[in-house]
Amino acid sequence: MRTIMAASLLCMSAVCFSAVPASNENYRNFKVSVYTRAYEVQRMVDPTWLDSTWNIISSQMKVDKIYLETHRDLNIVKAEDMKRIIKFFRDRGVEVAGGITYTISEANSFQTFCYKNPEERAKAKEIIELTASLFDEIILDDFFFTDCKCDYCVEAKGDRSWTDYRLELMDDAAMNVILGPARKVNKNVKVIIKYPNWYDHFPALGFDLDFGPKHFDGIYTGTETRDAVRSNQHLQPYESYLIWRYFDNLNPGHNGGGWVDTGGMRYIDRYSEQLWLTVFAKAPEMTMFDYRQMLNPLRSSYRAPWQEEGGTSFSYDDMMKPVNLNGKTVTPTTMARAAGFTMEQVDRTIGFLGNPIGIKSYKPYQSTGEEFLQNYFGMIGIPMDIVPEFPSDANLVILTEQAKADPDIIKKMDKHLRSGKDILITAGFLRAMQGHGIEKIVDLEYTDRKALVSSFMTGGQMLDVPKPILMQQVMYKTNDSWEMISGMDSGLGWPFLHRDVYSKGTVYLLVVPDNFADLYNLPNPVLNSLRQTLSSRTMPVSIQGPSGVSLFVYDNNTFIVESFLDEDVDITVRIQTSDGPRVDHVTDLLQGTDIRGGMEMQFNSRNASSTFRVSLRPHSYRVFRY
């Protein structure tokens, strides 16, 4: 996880980010940047190394902007050296901004500065002052947090929790160590904080998503998800899209872009997926971490087996064809070409799309619980949108355990349901709120018993699962509320998806498996029923089929379907037609072809849905307009 900055326009006292490139216009819909660590900046002092490496990168990818780091791991680049390097890039028409990584030693478990230690606090201030004297734009890489438990911190914390202490400490450090000193040195400086990808654990390390986006001049988003199985964090691919949307909702228009590294690849497709998913979220800038990684050689082992038949969104063979950039024809040799090839392709896609829309999930500031669950929903084809304020205008709101952090959540639920809108709660939220007011809304009991489910029942069908799924037993009163989908074992069943009525609204309960990844093992009809329940009042488009396929919906009658599976897959796209004529075809905007559809009547409704059969190649996407 690393960071970088954004395409910026001055908007009052903060940075507003434009979706249109401001300078070279290499791309129509976003900028592309490269971040450079202090280690490589120091090597740039050698003009031969700088010139040769820049020729390698710039001959294989279009670069609008470069971030030059002044500090990392107590390595500080000299001001006179940095000025010569800045001139080198500006002379070549490249925008230049500064970067800082506030680490003492990344190698030592990412050791950060202690902002209670007077010496380290003074050093952090010295670094930002140096950087502000050189740049009008500075980005703070992932590490402006604290994991310190030294004697200074233990004494200062007192009886408070580490979370409360660190949030207060880092808010103070932001104002008095970083922003105040930087602005004193350079009144025009804009300081952007880049947040990493582990957002559900932020409060414990002092990242304050209420304070930071309001006081820094902009934010930036770490969208790297790498390989969900083989990398340490096990983040789901959908997060590369969802996290950017979530952070943009913190302070709309001030999220400068996304940031991806080349780590954790099994095949090169996984690297490209992170890039285009970030741009699907409408990020105005895409940053490659880092200069060094762009010089890493391409390897034939990066070519995935499923590319043998062709037709995938990322083609290793097409990427390896000679390319002509800046008047030079070169044969691709490094990861710079993988990045450039991907961004050139996705630039065409983004031009078709409006603003992303999704089902709202309420995550209050500083909340934790059922960590990263919304990304699993995205991976089973439910378009998601995480918001930090209760979305009272949404027809359906998803409340996971995170929503317990709002002391007024029961009152907000009551008001929302009385207005005729719906809410889906997870069993985790039910557990957290049991005895804290949820009984005013629903008569459900989260028990201490588990069920090892071997099949599911929905619509009269009994459907086996490939392996037993462990889930919670939730009890309800017969005829007070109703099971929609049941988890079954040895003839007994428990709610998986449950329905209750409150005033003019409906409360749904979703009992998420103990292992969130077991959502991927649900039978297709179970997934289809869940998707349709959630999308019926919220989304014009839904999908039917297996897990591992995501849906991205936009407000201009366009949508994307993407498969993260290693094999070909067929899905059905459903488009609801409550108003106006039935949709009889969808257009594949990249291929320029139409798909004709059928009609499906909705149960217990006069409304009809149009259905379309769509085939997807492995790790590939298609873009449609209806």
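The values are calculated or read from the model by the stated rules, or taken from the named source; none is laboratory data. Being a predicted model, the structure only gives us computed values, none of them experimental. Backbone-built Cβ (ideal geometry, glycine too); neighbour counts: all protein chains shown.
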Among the residues of the stretch 331-375, how many are more than 21 Å from Ser620 (Cβ to Cβ) and in contact (Cβ under 8 Å) with a residue 24 or more places away in the chain?
-> 23
Residues of the stretch 265-286 being among the β-branched types (Val, Ile, Thr) and touching a Gly at 6+ places or on another chain (Cβ under 6 Å), in sequence order, are Thr278
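Yes/no matrix, rows are residues, columns are (1) aliphatic (A, V, I, L, M); (2) surrounded by fewer than 21 Cβ atoms within 10 Å (Cβ to Cβ); (3) within 26 Å of the chain's Cα centre (by Cα); (4) part of a helix (DSSP H, G or I):
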site	(1), (2), (3), (4)
Glu308	no, yes, no, yes
Phe314	no, no, yes, no
Lys321	no, yes, no, no
Ala336	yes, no, yes, yes
Gly340	no, no, yes, yes
Val346	yes, no, yes, yes
Gly354	no, yes, yes, no
Unmet criterion (only one of (1) farther than 23 Å from Ser620 by Cα; (2) surrounded by fewer than 20 Cβ atoms within 10 Å (Cβ to Cβ)) for Gly505 = (2)
Tell me which residues, restricted to the stretch 86-124, are surrounded by fewer than 17 Cβ atoms within 10 Å (Cβ to Cβ) and either acidic (Asp, Glu) or within 20 Å of Glu285 (Cα to Cα) (or both).
-> Arg90, Asp91, Arg92, Gly93, Glu106, Glu119
Identify the residue in the stretch 211-231 that is in a loop (DSSP other than H, G, I, E, B) and over 17 Å from the mean Cα position of the chain (by Cα) and, among all such residues, is farthest from Tyr271 (Cα to Cα).
-> Phe211
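Results for (1) touching a Ser or Thr at 6+ places or on another chain (Cβ under 9 Å); (2) outside the structural domain of Arg617 (by TED's automatic domain parsing); (3) of a type in the set (A, V, I, L, M); (4) assigned to a loop (DSSP other than H, G, I, E, B), shown as yes or no for each residue.
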residue	(1), (2), (3), (4)
Leu534	yes, no, yes, no
Met539	no, no, yes, yes
Leu551	yes, no, yes, no
Asp570	yes, no, no, no
Val586	yes, no, yes, no
Asp594	yes, no, no, no
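Matching residues to (1) in contact (Cβ under 8 Å) with a residue 40 or more places away in the chain; (2) touching an Asp or Glu at 6+ places or on another chain (Cβ under 8 Å); (3) more than 28 Å from Val323 (Cβ to Cβ); (4) assigned by TED's automatic domain parsing to the domain that holds Ala173:
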{"residue": "Val63", "(1), (2), (3), (4)": "no, no, no, yes"}
{"residue": "Tyr67", "(1), (2), (3), (4)": "yes, no, no, yes"}
{"residue": "Asp73", "(1), (2), (3), (4)": "no, yes, yes, yes"}
{"residue": "Met82", "(1), (2), (3), (4)": "yes, no, yes, yes"}
{"residue": "Glu95", "(1), (2), (3), (4)": "yes, yes, no, yes"}
{"residue": "Tyr102", "(1), (2), (3), (4)": "yes, yes, yes, yes"}
{"residue": "Asn108", "(1), (2), (3), (4)": "no, no, yes, yes"}
{"residue": "Thr112", "(1), (2), (3), (4)": "no, yes, yes, yes"}
{"residue": "Pro118", "(1), (2), (3), (4)": "no, no, yes, yes"}
Could you pull out the residue among Thr572, Thr593, Thr587 that is hydroxyl-bearing (Ser, Thr, Tyr), surrounded by fewer than 20 Cβ atoms within 10 Å (Cβ to Cβ) and without any contact (Cβ under 8 Å) to a residue 24 or more places away in the chain?
-> Thr593
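Filter the stretch 285-301 for residues that are hydroxyl-bearing (Ser, Thr, Tyr) and closer than 23 Å to Arg37 by Cβ and give the result. Give the derivation first.
First pass over the stretch 285-301, keeping only residues hydroxyl-bearing (Ser, Thr, Tyr): 287, 291, 300-301.
The answer is Thr287, Tyr291.
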